[in-house]
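All remarks here apply to the structure that follows.
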Amino acid sequence: MTTTTPGAAAVELAIGGMTCASCAARIEKKLNRMDGVEATVNYATEKAKVTYREDVTVGALIATVEATGYTAREPEPVHTASEAGGGPVHDEADELLPLRRRLTAAVVLAVPVIATAMIPALQFEYWQWLSLTLAAPVVTYAAWPFHKAAWTNARHGAATMDTLISVGTSAAFLWSVWALFFGTAGTPGMTHPFELTIARTDGAGNIYLEAAAGVTAFILAGRYFEARSRRKAGAALKALLELGAKEVTVLRDGGEVIVPVGDLKVGDRFLVRPGEKIATDGVVVEGASAVDASMLTGESVPVEVGTGDAVTGATLNAGGRLVVEATRIGADTQLSRMAKLVEDAQNGKAAAQRLADRISAVFVPVVIALALGTLGFWLGNGAGLTAAFTAAVAVLIIACPCALGLATPTALMVGTGRGAQLGILIKGPEVLETTRKVDTIVLDKTGTVTTGRMTLLAVHTTDGTDETEVLRLAGALEHSSEHPVAQAVASGAVARAGSLPAPEDFANVAGLGVQGIVEGHAVLVGREKLLDEWVISLPEELRRAKAAAEEAGRTAVAVAWDGEARAVLEVADAVKETSPEAVERLRALGLTPMLLTGDNKAVAAAVAAEVGIAPEHVMAEVMPQDKVDVVKRLQSEGRSVAMVGDGVNDAAALARADLGLAMGTGTDAAIEAGDLTLVRGDLRIAADAIRLSRKTLGTIRSNLFWAFAYNVAALPLAAAGLLNPMIAGAAMAFSSVFVVGNSLRLRGFQPADR
């Protein structure tokens with residue numbers, strides 16, 4: 001394979017005319033022979049992902065594909081329903097219609113041919129001539145795609161699975177025609193039994209019309225159901241693309257104008273009424289509501305949003321009226337980026353599939369040689385031309401490597417599609433290989449294990465002091481401050497005590513806290529030193545509460561009014577409710593959870609204890625630039641390391657880790673560096689992501705095993721003459737349908753909490 005220069009361009013080509021994995025292998029080989037080109041061709045998605053140097057043109061790439069006997073074009077841009085202005089994402093003709101017509105004709109005509117050949121009682125005086133009449137359209141019209149592809153490949157000096165089918169069915173049909181017209185098979189009243197064993201018979205009296213018609217019908221059926229299944233496998237991506245809103249109410253010149261979402265511009269303000277989808281990513285500038293993001297993230301609980309909160313396109317406004325300012329449109333939105341990630345992953349190949357492709361590329365010529373060898377062997381051993389011919393045709397039919405080509409792409413399409421529905425984005429098939437090896441998972445604390453924002457956790461009061469009154473008075477003052485600790489107290493007060501009174505004579509004492517008059521009380525809220533300046537001391541019970549809070553790494557806020565200390569409030573970055581369960585699930589997957597944070601040891605130890613991480617697995621006071629060194633050190637100890645993070649300072653460590661899991665609630669830098677993107681902020685989804693990845697990889701491996709096992713077991717039976725060509729065709733078709741059906745089971749994957 002040639003190596004492209006840095007900064008090379010990339011293009012994705014839609015490939016037409018492929019009928020099997022060996023077709024994809026041929027195209028890939030031809031493209032990679034071009035100087036400065038690297039290509040991966042995926043049979044299941046019918047796409048080629050090509051990276052090329054600046055001196056190579058897309059036209060040259062297309063010409064190379066066409067010279068190989070196939071078609072190529074640049075695909076239409078992928079649009080979400082919202083970008084399409086309300087129209088369907090795909091407005092295409094039923095691509096299965098021609099195949100369905102050929103299949104219907106083949107089945108209707110082949111059934112009586114097979115029945116009369118298998119059941120001697122149905123063999124009336126001229127049954128063989130009726131069979132010829134019915135089988136001829138099957139072998140010509142219905143099987144025409146096989147013959148056409150075989151001829152195209154032959155002109156280019158190649159052989160594919162279609163070559164095997166075309167040669168096998170044509171040989172069976174032409175032999176039967178010769179036997180009917182020039183042998184004894186056309187004699188009125190001729191009968192012959194249906195047998196699966198080698199026998200010394202006169203070939204001039206035998207016809208194989210049931211094999212020619214039956215193989216064609218079975219393989220067409222396999223192709224049809226395979227194509228239907230492949231479309232189902234990609235349905236999750238199509239559903240994802242169609243989530244977006246179609247029209248939006250934009251606020252312009254003091255009025256409301258309804259326009260297609262595709263006409264939105266960054267900075268436009270648009271209205272979202274209750275029950276409507278949010279048209280694009282933006283920031284709430286007016287109103288408050290609950291937003292249901294389940295269709296995008298898999299999270300079932302609506303999220304409360306208000307002025308200043310970011311919202312995502314395609315999510316549903318479940319509550320009040322919102323005015324949103326657009327910050328991202330088109331391909332920059334989270335929905336479009338998710339769709340792009342899923343599509344890129346589906347176009348990739350796992351290492352195991354690359355091996356299967358290399359085998360498929362040489363498999364067809366080997367099979368043709370084996371069929372000729374089988375023919376010669378049985379003729380040389382005196383088995384008779386009929387038996388030798390039957391065995392050779394069976395070898396051609398049974399060996400089609402279709403299942404090998406479908407093993408990885410179908411599982412990957414279904415797995416990544418299902419992941420997208422659950423808020424898990426898998427970047428590529430290589431990621432699946434890594435999830436199996438990972439044994440250690442490093443969890444960044446802030447924003448991953450914890451909420452990433454200060455929260456009021458506890459209120460300690462003196463005897464006779466009402467907690468609600470403490471919160472009302474302290475919250476009223478803190479509401480006027482922009483400090484994160486103050487905002488945590490104010491938010492907690494509103495949640496627990498309701499609406500807050502307005503303060504008077506509010507003052508912010510730099511570095512110490514706030515003071516003012518609330519409902520006639522002189523209130524102080526802040527550090528103990530602020531109270532000292534007013535000659536107010538904490539009673540013993542509050543002093544003990546303050547010491548315990550600080551020992552646990554929390555911030556202690558003192559509250560006093562009318563010259564007396566009344567309470568101590570505990571504020572900290574709260575652990576997410578689901579984090580302890582998530583850590584337990586990760587441990588159940590055989591991983592060792594570790595906590596990584598820049599906070600002090602006391603804070604780190606308290607969080608670790610709360611979520612169930614052992615003290616020896618806590619790494620505290622780690623500067624952002626040193627996180628990469630921690631990952632390197634763990635890797636040098638022989639560990640395979642996964643890293644979960646969400647911030648810019650996590651991006652380098654995510655990229656360095658063997659497996660990077662980026663929380664989608666974090667920064668773009670972290671998401672770009674991760675191998676798996678977790679759209680929800682719930683850490684439990686990390687365990688689900690690893691489970692899904694491992695399950696998808698397991699499905700790929702089982703698909704490949706059965707595809708290989710099928711060919712290894714069936715070829716000797718066919719060469720031994722123990723398989724009738726018709727049975728061989730049915731078995732070959734079944735193997736492909738089995739592989740696709742096995743992959744479709746991934747659609748039933750459920751998170752552990754459902």
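The order of the peptides 489-495, 417-423 by mean Cβ neighbours within 10 Å, most packed first, is 417-423, 489-495. Computed on protein heavy atoms with a 1.4 Å probe, the accessible areas place Thr184, Thr312 in the order Thr184, Thr312, largest first. Along region 605-610 the Karplus relation, 6.51 cos²θ - 1.76 cosθ + 1.60 evaluated at θ = phi - 60°, assigns HN-Hα couplings of 5, 5, 5, 4, 5, 5 Hz to successive residues, with x for each Gly and Pro. Heavy-atom accessible area for Asp562, with the other protein chains in place and a 1.4 Å probe, reaches approximately 80 Å².
For Glu247, the residues whose modelled amide H falls within less than 5 Å of its own, excluding neighbours fewer than 5 places apart on the same chain, are Val261. Think of a 1.4 Å ball rolled over the protein heavy atoms: region 373-525 then has 34 Å² of accessible area per residue.
At full extension, Arg543 and Ala9 could sit 185.7 nm farther apart than now, given 0.36 nm per residue minus the alpha carbon distance.
Accessible surface of Met594, taken over heavy atoms with a 1.4 Å probe and every protein chain present, rounds to 10 Å². Which entries of Lys30/Lys632; Lys576/Lys601; Lys49/Lys576; Lys246/Lys695 have Cα-Cα distances beyond 29 Å here? Flagged as over cut-off: Lys30/Lys632; Lys49/Lys576; Lys246/Lys695.
Taking the convex hull of the alpha carbon positions in region 479-534 and averaging its projected area over all directions gives 3.9 nm². When Lys47, Lys246 are compared by accessible area at a 1.4 angstrom probe, the order from most to least is Lys246, Lys47. Measuring nothing but how far apart in sequence close Cα pairs (under 8 Å, 6+ apart) lie, relative to its length, region 561-651 scores a relative contact order of 22 percent. Take the Cβ atoms of Glu54 and Arg33, set R0 to 22 Å, and the FRET efficiency comes out at 0.70. Computed from the C-beta positions of Ala602 and Lys632, the FRET efficiency with R₀ = 22 Å rounds to 0.25. Carbon and sulfur together cover what percent of the accessible area of region 113-180 at a 1.4 Å probe radius? Roughly 74 percent of what the probe reaches on region 113-180 is carbon or sulfur. Annotation: average projected area of region 458-510 is 4.0 square nanometres, based on the convex hull of Cα atoms across all directions.
Of the residues Leu692, Leu722, ranked by 1.4 Å probe accessible area with the largest first, the sequence reads Leu722, Leu692. Note on Glu433: accessible area is roughly 30 Å² with a 1.4 Å probe, heavy atoms of protein only.
The values are calculated or read from the model by the stated rules, or taken from the named source; none is laboratory data. All values reported here derive from a predicted model rather than from experimental measurement. Counting neighbours? That spans all protein chains shown, and the Cβs are built from the backbone with ideal geometry, glycine included. Just the protein is used for accessible areas: all its heavy atoms, side chains included, with ligands, DNA and RNA removed. Shrake-Rupley method; radii C 1.70, N 1.55, O 1.52, S 1.80 Å.
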